[in-house]
1. Listed residues 154, 208; which is open to solvent by 10 Å² or more (accessible area, probe 1.4 Å) and β-branched (Val, Ile, Thr)?
2. Given the structure, is residue 278 part of a loop (DSSP other than H, G, I, E, B) and of a type in the set (D, E, K, R)?
3. Quick one: would you say residue 219 is at pLDDT 95 or above, closer than 30 Å to residue 63 by Cα and surrounded by fewer than 18 Cβ atoms within 10 Å (Cβ to Cβ)?
4. So how many residues does region 255-305 have that are touching a helix residue (DSSP H, G or I) at 6+ places or on another chain (Cβ under 7 Å) and among the hydroxyl-bearing types (Ser, Thr, Tyr)?
5. Whether any residue in region 187-204 is outside any loop (DSSP other than H, G, I, E, B) and either more than 24 Å from residue 266 (Cβ to Cβ) or open to solvent by 40 Å² or more (accessible area, probe 1.4 Å) (or both) is what I want to check.
6. Output the qualifying pairs, or none if there are none: Cβ atoms under 7 angstrom, residues six or more apart or on different chains, first residue in region 28-43 and more than 23 Å from residue 282 (Cβ to Cβ), second residue open to solvent by 70 Å² or more (accessible area, probe 1.4 Å).
7. So, in region 114-138, how many residues would count as being of a type in the set (A, V, I, L, M), open to solvent by less than 20 Å² (accessible area, probe 1.4 Å) and not in a strand (DSSP E or B)?
8. Would you confirm, using the coordinates I've provided, whether residue 146 is open to solvent by less than 60 Å² (accessible area, probe 1.4 Å) and either under 21 Å from residue 301 (Cβ atoms) or part of a helix (DSSP H, G or I) (or both)?
Amino acid sequence: MNMPRGTLARAIYTKFHNDFYLDKYDTKLWYTVNTDPQFAYRTTFVPFEQPDDVTLEWLEHAKNSSTNIYKHIWHALARQFLQFFMTQTDINGFLKRGSMFILSEHQFAILLKEGGFDSQRYDMVRFVDIGAGDGEISAVLLKALRLSNPDVIIDAYATEASWTMRERLKKMNFKVLERLDEVSNAQFVSCLNVLDRCIDPIQLLEDIHTILAPNGRCVIALVLPYMHYVESNSSHMPIRPLMNHWPGKAKQYSFESEAAIFFRVLENVGFRIESWTKAPYLCEGDLRQSYYWLIDLVVVVSKIS
């Protein structure tokens, strides 16, 4: 079959074939790991064998949204203009596009419970979401905290570099921080897919350790294989990498091997691995594909006293 002529026709043709592949893809692979009996962190692994109903609903919404051709044409034209004075993250926030998804509130709640966090123990939880983006995943975490304790009061804070995203977070009643040291003794902290995008990931981990309450928990997500990119500087390189094998030996480790390397980094900072899982890091699609994904390592940690 010949490729259609015209940019729009080619995009629609490509989307048809890409979405056909998505429909046939075995999504159980998003959650599958090879935990050898000798794997040191095997006992803290929390298995999610397949997408749950909430995840399937998100995927269906992404598919339906991707069929809005006029919206995607508008986004493409707007990006061409806005890129001259806004970052890609600011553009996404301004256009309200590119929402992300990792786990449902039910899956997050299970992971947190296995990691020793139970909101039933608290009348109020101080929650800090680092690099909260558009707040969509933050909202999922808020739901997860309230599943076991609907009456818990959540004092919600967030940090975010993008000004358009910050405005969206304020509308969701998050107190937006300029610096992490503006808050302390947080019972729950989240840092989802930020460490591989910040200028100094080791310093950020140390800052999280400082603000986390002695009995608190932090949930961290990191895309594997680990690849670092800093949007805010010209070199796009961090001051120091999160893991020393990057960039020289990038993509040379299995998911499980690189997860173990990252766990040792966390332990060296002063964290204990309480629970972890593997999950898709999903993003809304465009004219070419209904949705995209990377693979996340999601881990719950506590402070070593």
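The values are calculated or read from the model by the stated rules, or taken from the named source; none is laboratory data. As the structure is a computational prediction, the values presented were derived from the model and not from experiment. No Cβ is skipped: glycine too gets one built from the backbone with ideal geometry, and neighbour counts run over all protein chains shown. Note: areas computed on protein heavy atoms with side chains; ligands, DNA, RNA excluded. Shrake-Rupley method; radii C 1.70, N 1.55, O 1.52, S 1.80 Å.
1. Details: 208 fails: open to solvent by 10 Å² or more (accessible area, probe 1.4 Å).
Going through 154, 208 in turn, just one is open to solvent by 10 Å² or more (accessible area, probe 1.4 Å) and β-branched (Val, Ile, Thr): 154.
2. Details: part of a loop (DSSP other than H, G, I, E, B): no; of a type in the set (D, E, K, R): yes.
When the stated conditions are applied, residue 278 does not pass them.
3. On the way: at pLDDT 95 or above: yes; closer than 30 Å to residue 63 by Cα: yes; surrounded by fewer than 18 Cβ atoms within 10 Å (Cβ to Cβ): no.
Judged against the criteria, residue 219 is not a match.
4. 4
5. From region 187-204, those outside any loop (DSSP other than H, G, I, E, B) are 187-192, 201-204; that's our starting set.
Narrowing the set further to residues that are either more than 24 Å from residue 266 (Cβ to Cβ) or open to solvent by 40 Å² or more (accessible area, probe 1.4 Å) (or both) leaves 203.
Yes, region 187-204 has at least one match.
6. As it stands, the answer is 35/42, since those pairs meet every condition given.
7. Filtering region 114-138 down to residues of a type in the set (A, V, I, L, M) leaves 124-125, 128, 130, 132, 137.
Okay, now just the ones that are also open to solvent by less than 20 Å² (accessible area, probe 1.4 Å), so 125, 128, 130, 132.
From what's left, not in a strand (DSSP E or B): 132.
Looking only at that region, the number is 1.
8. Working: open to solvent by less than 60 Å² (accessible area, probe 1.4 Å): no; either under 21 Å from residue 301 (Cβ atoms) or part of a helix (DSSP H, G or I) (or both): yes.
For residue 146, the condition - open to solvent by less than 60 Å² (accessible area, probe 1.4 Å) and either under 21 Å from residue 301 (Cβ atoms) or part of a helix (DSSP H, G or I) (or both) - is not met.
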